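Chemist: Before I ask anything, let me first share the structure, which is written out below as structure tokens.
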Protein chains: 2
Amino acid sequence: MRQEKIVDLANSENCPVRNVLDRFGDKWSTLILLVLGRKEPLRFGAIHRSIGTISQKMLTVSLKKLEADGLVDRTVFAEVPPRVEYCLTERGKSLLPVLQQLVDWANEHMEDIRASRAASGVD
Amino acid sequence: MRQEKIVDLANSENCPVRNVLDRFGDKWSTLILLVLGRKEPLRFGAIHRSIGTISQKMLTVSLKKLEADGLVDRTVFAEVPPRVEYCLTERGKSLLPVLQQLVDWANEHMEDIRASRAASGVD
DNA sequence: CAGCATCCTAATGGATACTG
DNA sequence: CAGTATCCATTAGGATGCTG
């Protein structure tokens, strides 16, 4: 495997990390991907209920971003009342293992982090 | 069969993912960890130059958060002019492989994502 | 049901000036 | 050098009301 530059940090345009973080660093995108990774397809309302605290607006804009990035597929059924289903694309699925690693790490270290934070008096 | 909860998404207090994302979902923390992962220890100014576009203020507050979370160690040397060195803690190092996976994924998929985004007319 | 449009507030983060 | 302190612009995101 080749060891080239990990990131070109000085140039945000060409830095994949910056670019990707700018997308998934928001409050909801990662969560939506994880929800869909757990069970799909899901309807708009089902995702909404799964996350619970997300506002309708943010769910809408987040899903649109994910769709624009080719991570989520949106299917509209010509029914009344309307039904819209969301599922992961192959690209979206390929991100899941990485996110799962993050989840695992979070589960493993959250308590310690919480303790450190409390001890430092920062929050 | 009952569905196993990966994350308790409805409860942000008890959800490690939410909790961790709230910390690293910011614009700079992940970048700082990656910089230190590449080479440490680093002085304040060195990190500043490595990232380039970060403001002094944001570097300061981000480092303080990472320190409070026990991911980064801060060492002050009693010299004139002052020297402060930062390095990763064991906990911080344990996050690196996960972040590296994210970097790898980003490198691999960024061009496609960029293309999808452009095609969708969103940005 | 699945949204869009609008308004509004809170948080993020950049610029600048100053200090031990 | 390694920060603080302050001010200000931008953005994220919530609340509410309306529509096909």
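Nothing in this text is a laboratory measurement; each read-out follows from the coordinates by a stated rule. Since the structure is predicted, the reported quantities are computational estimates derived from the model, not experimental observations. All Cβ positions, even for glycine, are placed from backbone atoms using ideal geometry, and neighbour counts span all protein chains on display.
Chemist: Could you check region B:62-85 and list, in sequence order, the residues that are farther than 14 Å from residue A:120 by Cα, without any contact (Cβ under 8 Å) to a residue 12 or more places away in the chain and out of contact with any Lys or Arg (no Cβ under 8 Å at 6 or more places or on another chain)? Steps first, please.
Modeler: Initially, region B:62-85 is screened for residues farther than 14 Å from residue A:120 by Cα, giving B:62, B:75-85.
Within this subset, residues satisfying the condition of being without any contact (Cβ under 8 Å) to a residue 12 or more places away in the chain are B:76-82.
B:78, B:79, B:80, B:81, B:82 - these are the residues of region B:62-85 that are farther than 14 Å from residue A:120 by Cα, without any contact (Cβ under 8 Å) to a residue 12 or more places away in the chain and out of contact with any Lys or Arg (no Cβ under 8 Å at 6 or more places or on another chain).
Chemist: Now for a separate question. Which one of these is within 23 Å of residue B:102 (Cβ to Cβ) and not acidic (Asp, Glu): A:55, A:116? Let's see the steps before the verdict.
Modeler: Details: A:55 fails: within 23 Å of residue B:102 (Cβ to Cβ).
One residue alone meets the criteria, A:116.
Chemist: Evaluate region B:89-99: report whether one residue or more is more than 9 Å from chain A (Cβ to nearest Cβ), touching a residue at least 12 places away in the same chain (Cβ under 8 Å) and out of contact with any strand residue (DSSP E or B) (no Cβ under 8 Å at 6 or more places or on another chain).
Modeler: Within region B:89-99 (the criterion being more than 9 Å from chain A (Cβ to nearest Cβ), touching a residue at least 12 places away in the same chain (Cβ under 8 Å) and out of contact with any strand residue (DSSP E or B) (no Cβ under 8 Å at 6 or more places or on another chain)), the answer is yes, since at least one residue qualifies.
Chemist: Output the residues belonging to region B:32-63 that are within 11 Å of chain A (Cβ to nearest Cβ) and out of contact with any helix residue (DSSP H, G or I) (no Cβ under 9 Å at 6 or more places or on another chain).
Modeler: Result: B:49, B:61.
Chemist: Determine, yes or no, whether residue A:114 is without any contact (Cβ under 8 Å) to a residue 24 or more places away in the chain, within 9 Å of chain B (Cβ to nearest Cβ) and not aliphatic (A, V, I, L, M).
Modeler: Numbers: without any contact (Cβ under 8 Å) to a residue 24 or more places away in the chain: yes; within 9 Å of chain B (Cβ to nearest Cβ): yes; not aliphatic (A, V, I, L, M): yes.
For residue A:114, the condition - without any contact (Cβ under 8 Å) to a residue 24 or more places away in the chain, within 9 Å of chain B (Cβ to nearest Cβ) and not aliphatic (A, V, I, L, M) - is met.
Chemist: Out of all the residues in region A:95-123, which are out of contact with any Leu (no Cβ under 9 Å at 6 or more places or on another chain) and of a type outside the set (A, V, I, L, M, F, W, C)? Explain how you work it out, then say what you get.
Modeler: If we filter region A:95-123 for residues that are out of contact with any Leu (no Cβ under 9 Å at 6 or more places or on another chain), which is where we start, we get A:97, A:104, A:107-108, A:110-112, A:114-115, A:117-123.
Answer for region A:95-123, where residues must be out of contact with any Leu (no Cβ under 9 Å at 6 or more places or on another chain) and of a type outside the set (A, V, I, L, M, F, W, C): A:97, A:104, A:107, A:108, A:111, A:112, A:114, A:117, A:120, A:121, A:123.
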